[in-house]
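J.: Sharing a structure with you now.
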Amino acid sequence: MNKNEDIAFAIQESIRKINYLKRIKLFALYSYQKFYYGELLKYEESKLRNLTSAFNNNHRTQLKHGNPKQFTIEELAKYDGSNGKPAYIAVNGIVYDVSTESTWGGGTHFGLYAGKDLTDAFNRCHNNEEILKNLPKVGVLKK
């Protein structure tokens, strides 16, 4: 495995832990249990932010050096946000990571699904690319 794959695996594990802790906290009977699991959740979410930042920094380095990861439509489909996988979307030929966006929980956003080229849907809903500015770019879409 390369560095990106190692980080991606750690991100998947962290997302699984977070989902598990959320379920446990939901069914906790006592306030001290809710507090305990809430603190564990904060720790895991912080860890996830750090992992995601490391992953995105590595991709940014690749993009800056003119060696962006190239995704086919089939490869992009693997990043649908399900089962702890990252959620990627393509817009205008650029692949973005929407995994940490709250509006993309579970890899869906107002009836749209991650792992796809959403150029047409994006252009119908948004009149500029300001929204994309803050999203991490992870590669380009192969034609």
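J.: Can you confirm whether the stretch 27-48 contains a residue that is out of contact with any strand residue (DSSP E or B) (no Cβ under 7 Å at 6 or more places or on another chain), small (G, A, S) and at pLDDT below 85? Outline the logic, then answer.
T.: We begin by selecting, within the stretch 27-48, every residue out of contact with any strand residue (DSSP E or B) (no Cβ under 7 Å at 6 or more places or on another chain); these are 27-48.
When the remaining residues are screened for being small (G, A, S), the result is 28, 31, 38, 46.
Still in the running and at pLDDT below 85: none.
No, there is no match, as no residue in the stretch 27-48 is out of contact with any strand residue (DSSP E or B) (no Cβ under 7 Å at 6 or more places or on another chain), small (G, A, S) and at pLDDT below 85.
J.: What are the residues in the stretch 96-134 that are surrounded by fewer than 18 Cβ atoms within 10 Å (Cβ to Cβ), of a type in the set (A, V, I, L, M) and not in a helix (DSSP H, G or I), if any?
T.: L112
J.: Could I ask something else about it? So in the stretch 16-38, with the set limited to residues that are under 20 Å from P86 (Cα atoms) and charged (D, E, K, R), which one is farthest from the chain's Cα centre (by Cα)?
T.: Our first condition is that a residue be under 20 Å from P86 (Cα atoms); within the stretch 16-38, this holds for 16-22.
Pick out the ones that are also charged (D, E, K, R) and you get 16-17, 22.
Numbers: R16: 13, K17: 15, K22: 18 Å.
My answer is K22.
J.: So how many residues does the stretch 111-136 have that are at pLDDT 85 or above and of a type outside the set (A, V, I, L, M, F, W, C)?
T.: 6
The values are calculated or read from the model by the stated rules, or taken from the named source; none is laboratory data. Not measured: the values here are computed from a predicted model. Cβ atoms come from the backbone with ideal geometry, glycine included; neighbour counts cover every protein chain shown.
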